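Beneath this line is the structure, given in structure tokens, with notes to follow.
The values are calculated or read from the model by the stated rules, or taken from the named source; none is laboratory data. Predicted, not measured: the structure shown is a model, and the values here were computed from it. Here the Cβ positions follow ideal geometry from the backbone for every residue, glycine too, while neighbour counts run over all protein chains shown. Areas reflect the complete protein model, heavy atoms only, side chains present, ligands, DNA and RNA absent. Shrake-Rupley method; radii C 1.70, N 1.55, O 1.52, S 1.80 Å.
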Amino acid sequence: MRLTQEQQEMLDGKQGEARRKSMELLIALGKIYGAKELVPVVSVQVAGVSYKNLGEAGLEFLAEMAKDGKVKVLTTLNPAGIDVENWEELGYSKDFAEKQTRVLKAFEKMGIQVSCTCTPYLIGNKPKQGEDVAWSESSAVAFGNSVLGIKTNREGGPSALAAALTGVTPRYGLHLEENRQAVVKIDLQNLVKTEADWAVLGEVLGKRIGNKIPYIVNHGNPDRDKLKIFGASIATFGGTAMFHVEGVTPNKTETPKEVVVISKDDLEKGYSELTDSQEVDFIGIGCPHASINEIKKISELLNGKQVKIPTWIFTARKTKRGADQKGYSKIILEAGAKIVCDTCMAVSPLKGRFKCLATNSAKACYYGRGTNDFKTKIGTVEKCMECAVVGTWQKRE
Ligand code: F3S
């Protein structure tokens, strides 16, 4: 692999041990994927932040890197395992909170912004179209490539950290224009309407086309919140890191010859696959983290009402500050729901606390089932809030 003088110096350890190790990791990764060079990145987003997933070995690795490691570019973090300011009230254990705090301190020492969110693009880590970055949260990667038009592979936690410490990443995969072309056309027949439909579509498509890049037509002009929830879903169920939505995605693509038509039955099947029969005892919105518009909508749905079921809205702390200023948080809290920052349903140790999650996110269903042993139900935010207030889940028409 060709290295610049500065990259060679980092590899030789002239800029410290953390950068030397990082360069070794990036070069090894580049060799696996046939990269000929490293490309400078303007932004990094690091996943693998929750102590629940890292454990003691992960914490030791971070502490070691933090001895002399300093990031070279704007770097933000994925959700952690707790709400940093409110963990006690939300019922997280002191022991877990202490361990999580040590993890965050290690990241902070390296110069990383401890803004624990999977929506970096909503809180200021929003690179410009065409820029190369190294992001590791799968939903943010899908949204970034497909909606913002930035270029990133789906990094692992260690490779993203290495990119942050060195300012470069191997040029392969979605950093190369030829790999960003769609290979299958998806005709939605304008059937996909609500954000829950988009979440379910991600499940249906992910299972059907795997990690092929789709070109989506007859889509009904989804807004960014719908694309956010769709990206999370298709990345989870199919592993794809990019999609094209006709008229939305900045990248140009040839129209693929292979066509898949999505029917009403496909969507119905998706809904039933994500819906269990148990009674809901937990409502979670904000996977990916809720935007200010989504919080506004929830405040309108809960205004003057009281929830009967624990209702948590997950968001970035910075987004919550905006909601505080606009008065949305007050309405939501007065209704008895909670706004939870820095963490989420998947990376938070919630196992055993709830049995059945209602949500508008297919990714939340997937991880709720997988990591927290929840049963799940999926529906629109309107339906989830209705369930919260009425106390039961109404069947779909
Ligand atoms: Fe974000 Fe957690 Fe969902 S990281 S995309 S809220 S599983």
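Scanning the range 358-371 for residues that are buried (at least 24 other Cβ atoms within 10 Å of the Cβ) and within 11 Å of the ligand (Cβ to nearest atom) gives 359, 361, 362, 363, 364, 365, 368. Against the condition at pLDDT 95 or above, of a type in the set (D, E, K, R), open to solvent by 50 Å² or more (accessible area, probe 1.4 Å) and in contact with a strand residue (DSSP E or B) (Cβ under 9 Å, 6 or more places away or on another chain), how does residue 89 come out, does it pass? So residue 89 fails the test.
Each residue in the range 345-357 was checked for being open to solvent by 10 Å² or more (accessible area, probe 1.4 Å) and in contact (Cβ under 8 Å) with a residue 24 or more places away in the chain, and 6 pass.
You will find that of 82, 27, the residue that is farther than 29 Å from residue 150 by Cα and either hydrophobic (A, V, I, L, M, F, W, C) or within 16 Å of the ligand (Cβ to nearest atom) (or both) is 82 and no other.
Within the range 172-191, does at least one residue satisfy the condition of being open to solvent by less than 10 Å² (accessible area, probe 1.4 Å), part of a helix (DSSP H, G or I) and more than 16 Å from the ligand (Cβ to nearest atom)? So far as the range 172-191 goes, yes, one or more of its residues are open to solvent by less than 10 Å² (accessible area, probe 1.4 Å), part of a helix (DSSP H, G or I) and more than 16 Å from the ligand (Cβ to nearest atom).
Pairs linking a residue in the range 3-14 that is at positive phi and without any contact (Cβ under 8 Å) to a residue 24 or more places away in the chain to a residue that is part of a helix (DSSP H, G or I) and of a type in the set (Asp, Glu), with Cβ atoms under 8 Å and 6 or more positions apart or on different chains, do not occur. Per the listing 283, 229, 234, the residue uniquely assigned to a strand (DSSP E or B), crowded, with 24+ Cβ neighbours inside 10 Å, in contact with a helix residue (DSSP H, G or I) (Cβ under 6 Å, 6 or more places away or on another chain) and in contact (Cβ under 8 Å) with a residue 60 or more places away in the chain is 283. In the set 94, 99, only one residue is of a type outside the set (A, V, I, L, M, F, W, C), in contact (Cβ under 8 Å) with a residue 24 or more places away in the chain and farther than 21 Å from residue 232 by Cα; that residue is 99. Total residues in the range 46-79 satisfying the condition of being in contact with a strand residue (DSSP E or B) (Cβ under 6 Å, 6 or more places away or on another chain), outside any strand (DSSP E or B) and among the hydroxyl-bearing types (Ser, Thr, Tyr): the figure is 1. If the condition is being over 28 Å from residue 379 (Cβ atoms) and among the hydroxyl-bearing types (Ser, Thr, Tyr), then the range 230-272 contributes 253, 255.
Could you tell me whether residue 271 is away from the ligand (no atom under 16 Å from the Cβ), in a strand (DSSP E or B) and not acidic (Asp, Glu)? Judged against the criteria, residue 271 is not a match. Filtering the range 27-42 to residues that are open to solvent by less than 70 Å² (accessible area, probe 1.4 Å) and assigned to a helix (DSSP H, G or I) leaves 27, 28, 29, 30.
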